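The values are calculated or read from the model by the stated rules, or taken from the named source; none is laboratory data. Small disclaimer: the values here were computed from a predicted structure and weren't measured. Cβ coordinates were reconstructed from backbone atoms using ideal geometry, including for glycine residues, and neighbour counts include every protein chain displayed. Surface accessibility is based on the protein's heavy atoms, side chains included, excluding ligands, DNA and RNA. Shrake-Rupley method; radii C 1.70, N 1.55, O 1.52, S 1.80 Å.
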Amino acid sequence: MTNKTPITVARGDGIGPEIMDAALNILDAAGAALAIEEIAIGKAVFDKGFKSGIEDKSWDSLRRTRVFLKAPITTPQGGGFKSLNVTVRKQLGLFANVRPCVSYAPYVDTHHPNMDVVIVRENEEDLYGGIEYRHTQDVVESVKIISRPGCERIIRYAFEYARANGRKKVTCMSKDNIMKMADGLFHRVFEEIGAEYPEIEQNHMIIDIGSAKVAVQPHQFDVIVTENLYGDIISDIAAEITGSVGLGGSSNIGSDFGMFEAIHGSAPDIAGKGIANPSGLLLGSIMMLTHIGQNDVAERVHNAWLKTIEDGIHTGDIYRLGRSVEKVGTDGFAKAVIARIGSAPEKLRPVSYKGASAGSMKLPPLKARVTQVKSLAGVDIFVNWDGPAGKNGGGQLAAMIQPLVAPGLKLESIDNRGTRVWPDGLPETFCTDHWRLRLKGSGSLTHEQIIAQLNKFCAAKIDFIKVEHLYDFDGKPGYTAAQGE
Ligand code: NAD
């Protein structure tokens, strides 16, 4: 191969530099044609005062290459630091996180010898927006954002991935029995998009039972598509039960960028000892090779790696006396893989990347938005009030608020953390200092009416802390009722 593909490489923290050296040595020996640009990320950059863990000049390299092979970094706790991983995923629009979780029995200990699951995790939305507020002494809020285009892209990606990689089934996981709007949208879009892929078996599971099934019967699953937080948790469970978190690679894919990494962290407990398993990063690098079209090299590396595992050459995390043949360190493992380039496994199934592509799939454009009539039906005004916990606090607050309700509005209900406390509240309900007043109009409201209401509260020194509009779309409520309503 003559043309080298430019890629950006970061060696990261902890075991990062050791496993990156091992992975790059293997890629080089297998004939990968890469023009590497290195950038610094992680601790050294945080220490220089860059709160995001990446310097401004590094974005130029990423913009140029659009391919990022990244070792894990250590995220500093607290102190206003942002997660570099979340920053890079969001800034580069890497909406899909793909994590294949495969077991390698009998060579790596696992209770699930037939596991071969790919988790496709939404990567930009959900609670990972990091939009959080402290409203009162007692209450903080974390905002979960789910968008229709966000759902459509990730679900479409999961089906296209399944089609391109010969996968037979896609399972959607959400919690739409509780989050009827946010997770309900994810589930609904799954059904809409899924209808375009009739050849692929498809089902939906509630995330809690779905995670339990992944832990005990992973062979039931093929491709799983889910939201950001659920995907984060379930993919670590799935990776761990394959035998070691050190065996998981992942890709983060956007319409124009790809980032490839191991799923594990910087493992500070074993850093510098030369014993880390470089397999996760190597498997991430193999996904990168298919993304940039070097499928033949990807296949050579992957088969040499499988042969190494099959030959019992194992790092300490997967080494078992009596079953493994030789315990090696990071460098020894890389040398063993290099020595097997050109061979294929005899017992484990060899891989073939002919024609397959995990990353550079072109998705069809998003569906056109169907315009709906939006009308303002009411307003939720949240107030900070140190009323009595239980003992009809809702009733006392209602008595205080009723005389202050602006013309054209009606106080419909009061709740505390989503549980209705007026009218008909129960004295047993525990209440904090965070109350929601739901005010409705008889028809469509105006912004002026809401401002008039806020002015009245202002004059009466009601400590309102947040205002949330209640919209109907084509006459249907775009908001949920309080529990007990
Ligand atoms: P971790 O994944 O680093 O380590 C968990 C356990 O697995 C440790 O016992 C470790 O020794 C072991 N382990 C991990 N990778 C291994 C490998 N390749 N070979 C052998 N053993 C391995 O998780 P953690 O300890 O919770 O996090 C450490 C740091 O990594 C934290 O600062 C965290 O924020 C960060 N982190 C970074 C990323 C990333 O950069 N993508 C991902 C997760 C965590």
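For every residue, the table says whether it meets (1) at pLDDT 95 or above; (2) within 14 Å of the ligand (Cβ to nearest atom); (3) closer than 30 Å to K4 by Cα.
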site	(1), (2), (3)
R64	no, no, yes
F81	no, yes, no
G93	no, no, yes
P106	no, no, no
H111	no, no, no
I146	yes, no, no
E152	yes, no, no
A158	yes, no, yes
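Of all the numbered requirements in (1) among the small types (G, A, S); (2) exposed (fewer than 15 other Cβ atoms within 10 Å of the Cβ); (3) touching a Leu at 6+ places or on another chain (Cβ under 8 Å), A195 misses one, and that requirement is (3). The range 222-333 holds helices (runs of 4 or more DSSP H) entirely within its bounds, and those carrying 3 or more residues that are near the ligand (Cβ under 10 Å from one of its atoms) map to 228-241, 279-291.
Going by what's in this entry, would V117 be described as out of contact with any Lys or Arg (no Cβ under 8 Å at 6 or more places or on another chain) and modelled with pLDDT of 95 or more? Yes.
For residues in the range 395-431 being open to solvent by less than 20 Å² (accessible area, probe 1.4 Å), in contact (Cβ under 8 Å) with a residue 40 or more places away in the chain and within 39 Å of the chain's Cα centre (by Cα), which is farthest from E468 (Cα to Cα)? Within the range 395-431, the match that is farthest from E468 (Cα to Cα) is C431. Listed by first and then second residue, the pairs linking a residue in the range 243-262 that is on the phi > 0 side of the Ramachandran plot to a residue that is within 11 Å of the ligand (Cβ to nearest atom) and not in a strand (DSSP E or B), with Cβ atoms under 7 Å apart and 6 or more places separating them unless they lie on different chains, are G243/I318. Considering the range 322-331, and only residues there that are crowded, with 16+ Cβ neighbours inside 10 Å and not hydroxyl-bearing (S, T, Y), the residue that is farthest from E18 (Cα to Cα) turns out to be K327. Hey, can you tell me all the residues within the range 1-16 that are buried (at least 16 other Cβ atoms within 10 Å of the Cβ) and away from the ligand (no atom under 11 Å from the Cβ)? Hits for the range 1-16 are T5, I7, T8, V9, R11.
Among the strands (runs of 3 or more DSSP E) confined to the range 410-485, the ones with at least 2 residues that are over 23 Å from G387 (Cα atoms) are located at 434-441, 464-473.
Scanning the range 17-46 for residues that are open to solvent by 30 Å² or more (accessible area, probe 1.4 Å) and at pLDDT 95 or above yields P17, E18, D21, N25, D28, A29, G31, A35, I36, E37, E38.
Yes/no matrix, rows are residues, columns are (1) without any contact (Cβ under 8 Å) to a residue 12 or more places away in the chain; (2) of a type in the set (D, E); (3) part of a strand (DSSP E or B):
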| site | (1), (2), (3) |
| --- | --- |
| P113 | yes, no, no |
| R156 | no, no, no |
| F159 | no, no, no |
| C172 | no, no, yes |
| I178 | yes, no, no |
